[in-house]
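The values are calculated or read from the model by the stated rules, or taken from the named source; none is laboratory data. From a predicted model like this one, the values you see are computed outputs, not experimental measurements. Every residue, glycine among them, receives a Cβ derived from its backbone with ideal geometry; neighbour counts consider all protein chains shown.
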Amino acid sequence: MESFPTPERGTAEPATPEPGLILPVWLAAAARAAVQGLLGEPFCPEQPLELEPGAPPRPVLVEAAAPLAAGWVLAVARADPGPEVLDLTRGQPVWAQARWLEGPGHWLELVAGEGVGVIASSGAPCLSAYARELLQRTLQPLLPPGRRLELHLVIPAGRRLAERTSNAAFGVVDGLALIGTQALVQRSAAPDQLQQALEQLRRLVASPGFAGALVLVIGENGLDLAPRLGLPPQLLLKAGNWLGPLLVAAAEAGVSQLLLFGYQGKLIKLAGGIFHTHHHLADGRSEVLTALAALEGLAGPELACLHQAATVEAALADLQATQPALAARLRARIAAAIEQRSRAYLARYGHEALAVGAVLFDRSRQLCARGPLGAPLLAELRGGGAA
């Protein structure tokens, strides 16, 4: 199989790009190299990517590119999430396979290949808005007028790696989701991630028109889902795992209303008084769920079954199937407990004026519970629409 020219032995090795980039960036770099191959250009191991609109191009390393049969070109990159980051994609090869399409249609036909997650309800590739925009910004300027592109993205180990993630809890199957709102990896358990969040908090509070409300989202899924549900993007702050310090910092910065918005299987930790939510530090979700279920009247074998479920999501889904009214009451109790524990946490630091509401979503990315303060606050922040 003929390959595109690569640097000869003895020549200077290409500079290693700065690490710390999310998975979609490495796939975009591989895709660009594949398109260059379609255009007959020599292989370039450093692909210049405009990671943010208008930003100077940054080199992202691609390992190889080669033509295949039937007009395909394959390019390979290797994910590097950066030092001191616990990320299961480290060192994993990612592939982009491209060929020209004939006839009319959209300029890009994107296909989730092996190991790339798809949305179970639609079968569509699971890409965040940032990932899609990055592909468009990277590839569309390369296409000659009238040309259309078919692009297959592949993560060879993605299906196996996805079993160690919460993708399935959000309705993503068959592989890893390509999500993220910016190019750089956010280290949710590291102190510098807290510092970044605190700096963003200060910017939000100092921005013109700030009226005292803030939405604290937990993780990329919450950050992606919140605007789709009508929450103003300018009020969103990604907390990662540092919920306790950010609650206190928000109160000290003058926030008067704060909405906690997150996945039920993560936010339930707050109902147990756990305010740093990384699983390496503390868990206790099963115990919290069982205690709250007991307070709702569940007992005996049914309570034991709830405790033995593999995840909070599975436990609540099983309860929903057999006792839907009880499941709804339990979810409401979880949301109320999150609010109560958050108020108690703030009171320990002398901040009792901050009103904290909680809104939870489930694996299907549907709202499933609102706390006593969360329900009206959600409606208010969505402009008074139905909550």
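Being within 20 Å of G71 (Cα to Cα) and in contact with a helix residue (DSSP H, G or I) (Cβ under 9 Å, 6 or more places away or on another chain) is a property that L139 has.
Mind checking whether some residue in region 35-55 is in a loop (DSSP other than H, G, I, E, B) and β-branched (V, I, T)? Looking through region 35-55, none of the residues is in a loop (DSSP other than H, G, I, E, B) and β-branched (V, I, T).
Applying the criterion of being in contact with a helix residue (DSSP H, G or I) (Cβ under 8 Å, 6 or more places away or on another chain) and not hydroxyl-bearing (S, T, Y) to the residues of region 309-322, the residue that is nearest to S364 (Cα to Cα) is E313. Name every residue in region 336-387 that is in contact with a Ser or Thr (Cβ under 8 Å, 6 or more places away or on another chain) and over 21 Å from L246 (Cα atoms), in order of residue number. Result: S364, single match.
Would you mention how many residues in region 46-77 are more than 15 Å from A183 (Cα to Cα) and of a type outside the set (A, V, I, L, M)?
Selection size over region 46-77: 5.
Scanning region 111-154 for residues being part of a loop (DSSP other than H, G, I, E, B) and over 22 Å from P59 (Cβ atoms) gives a total of 14. Kindly establish whether R333 is assigned by TED's automatic domain parsing to the domain that holds E296 and part of a helix (DSSP H, G or I). Judged against the criteria, R333 is a match. Residues considered: A347, A358. Of these, the only one that is in the same structural domain as A253 (by TED's automatic domain parsing) and either free of Cβ contacts under 8 Å to residues at least 24 places away in the same chain or part of a loop (DSSP other than H, G, I, E, B) (or both) is A347. Selection of region 59-76 for residues being surrounded by fewer than 21 Cβ atoms within 10 Å (Cβ to Cβ), without any contact (Cβ under 8 Å) to a residue 40 or more places away in the chain and either in contact with a strand residue (DSSP E or B) (Cβ under 9 Å, 6 or more places away or on another chain) or part of a strand (DSSP E or B) (or both) yields E63, A70, G71, W72. For region 233-255, state whether one or more residues are over 25 Å from P372 (Cβ atoms), at pLDDT 90 or above and not β-branched (V, I, T). For region 233-255, residues over 25 Å from P372 (Cβ atoms), at pLDDT 90 or above and not β-branched (V, I, T): present.
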